Amino acid sequence: MKKTVLITGASSGIGKAAALEFAQQGWQVAATMREPEKESAFKNVANVHLFALDVTDEKSVQSTFKIVLEKFGKLDAVVNNAGYGVDGVFEAMSDEIIEKQYNTNVFGLMRVTREAIKHMREQKGGNIVQISSMGGRIAFPLFSIYHGTKWAVEGFTESLQYEVEQFNIRLKLIEPGAIKTEFYGRSRTFVQPNYTDDYKAFVNNADKIRHDAGQNGDTAEKVAKTIVKAASDQSGKLRFPVGNPAPAVLLLRRLIPFSVWKAIVKMTYKSK
């Protein structure tokens with residue numbers, strides 16, 4: 001019997017690449033997105049089935065899980081991929097921007113995780129794969145809100161594993177480095193103040209570093225292969241760093257004092 005996976009945010013980037021990789025590996029894929037009627041990339045792909053799901057809407061999450069389970073009968077894995085990035089000057093960020101970022105990246109992930117646990121507990125097993133970031137364990141300038149969401153995902157997931165392990169439910173954290181996706185393009189929300197130029201020089205320099213990271217990043221397909229691996233992993237391994245420079249940078253951060261790490265970041269961003 002084929003394994004089944006539900007993926008959120010499957011319309012682009014890592015989510016789309018993961019859906020295609022799972023399908024290629026013989027899984028039945030419930031590829032979810034807010035507007036599946038606009039999606040054409042999966043039209044001729046065997047094993048990929050599209051469903052509407054908005055992670056910011058609890059009723060949408062519940063109803064989509066019900067429909068998917070009625071169709072497939074079970075879920076062997078759930079991939080929490082839906083999310084986007086806010087960056088810029090925190091002083092200029094409104095409550096609306098901050099709340100929207102957390103509602104998608106954190107609360108949306110929690111809604112989906114909760115529904116997944118309800119089903120997997122009854123079927124006595126399954127893997128929940130959370131798409132975090134190397135930015136869930138380290139931080140760079142101008143990404144304070146985004147980092148806040150990913151650090152929340154890391155802490156939430158690490159704690160949650162203890163209470164669901166008894167049901168043979170395994171939690172996995174994927175920690176990508178810089179990846180060539182729309183995270184650096186149309187999916188980006190960038191904020192800076194229009195009432196002062198005090199941040200201008202710092203923002204301009206940081207923006208160039210961000211742009212270069214996006215241009216030189218690894219592919220979404222590389223991350224997708226790691227997601228499939230994590231979705232099948234039966235060990236207690238929690239974290240899966242993937243994509244340059246995540247494995248090396250996360251190792252370095254563990255080995256050096258914060259004062260040295262901070263000096264490296266400040267030097268990179270030419271910060272005083």
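Taking (1) assigned to a helix (DSSP H, G or I); (2) surrounded by fewer than 16 Cβ atoms within 10 Å (Cβ to Cβ) in turn, Asp198 satisfies each apart from (1).
Can you pull out the residues in segment 192-208 that are among the acidic types (Asp, Glu) and either closer than 13 Å to Thr268 by Cβ or at pLDDT 90 or above (or both)? Steps first, answer last, please.
Of segment 192-208, the ones among the acidic types (Asp, Glu) are 197-198, 207.
Across segment 192-208, the qualifying residues are Asp197, Asp198.
Taking Glu175, is it crowded, with 16+ Cβ neighbours inside 10 Å and either touching a Leu at 6+ places or on another chain (Cβ under 9 Å) or without any contact (Cβ under 8 Å) to a residue 60 or more places away in the chain (or both)? It is true that Glu175 is crowded, with 16+ Cβ neighbours inside 10 Å and either touching a Leu at 6+ places or on another chain (Cβ under 9 Å) or without any contact (Cβ under 8 Å) to a residue 60 or more places away in the chain (or both). From the list Val228, Val203, the lone residue that is part of a helix (DSSP H, G or I) and under 22 Å from Thr113 (Cβ atoms) is Val228. From the list Lys74, Lys66, Lys3, which one is in contact with a Phe, Trp or Tyr (Cβ under 6 Å, 6 or more places away or on another chain), more than 29 Å from Thr189 (Cβ to Cβ) and modelled with pLDDT of 95 or more? Every option except Lys3 fails the conditions. Across segment 106-120, the qualifying residues are those that are touching a strand residue (DSSP E or B) at 6+ places or on another chain (Cβ under 7 Å) and over 14 Å from Thr56 (Cβ atoms), and the one among them that is surrounded by the most Cβ atoms within 10 Å (Cβ to Cβ) is Ala116. Only one of the listed residues (Gln192, Gln161) is more than 23 Å from Val79 (Cβ to Cβ) and either of a type in the set (S, T, N, Q) or touching an Asp or Glu at 6+ places or on another chain (Cβ under 7 Å) (or both). That residue is Gln192.
If you go through segment 205-242 and keep only what is farther than 14 Å from Val79 by Cα and among the polar types (S, T, N, Q), you end up with Asn205, Gln215, Asn216, Thr219, Gln234, Ser235.
Picking from residues in segment 125-151 that are over 12 Å from the mean Cα position of the chain (by Cα) and in a helix (DSSP H, G or I), the one that is surrounded by the fewest Cβ atoms within 10 Å (Cβ to Cβ) is Ser144.
Listed conditions (1) modelled with pLDDT of 85 or more; (2) farther than 30 Å from Ala77 by Cα; (3) among the aliphatic types (A, V, I, L, M) are all met by Ile174, apart from (2). One residue stands out in segment 208-221 among those that are assigned to a helix (DSSP H, G or I) and in contact (Cβ under 8 Å) with a residue 60 or more places away in the chain: the one that is nearest to Gly9 (Cα to Cα), namely Ala220.
In segment 1-104, counting only strands (runs of 3 or more DSSP E) that sit wholly within it, the ones holding 1 or more residues that are on the phi < 0 side of the Ramachandran plot, charged (D, E, K, R) and in contact (Cβ under 8 Å) with a residue 12 or more places away in the chain span 86-88. For beta carbons closer than 9 Å, sequence separation of 6+ or different chains, a first residue in segment 250-272 that is more than 27 Å from Arg239 (Cα to Cα) and touching a residue at least 24 places away in the same chain (Cβ under 8 Å) and a second that is of a type in the set (Phe, Trp, Tyr) and in a loop (DSSP other than H, G, I, E, B), the qualifying pairs are Tyr269/Phe140.
The values are calculated or read from the model by the stated rules, or taken from the named source; none is laboratory data. Being a predicted model, the structure only gives us computed values, none of them experimental. Here Cβ is always computed from backbone atoms with ideal geometry, including for glycine, and neighbour counts include all displayed protein chains.
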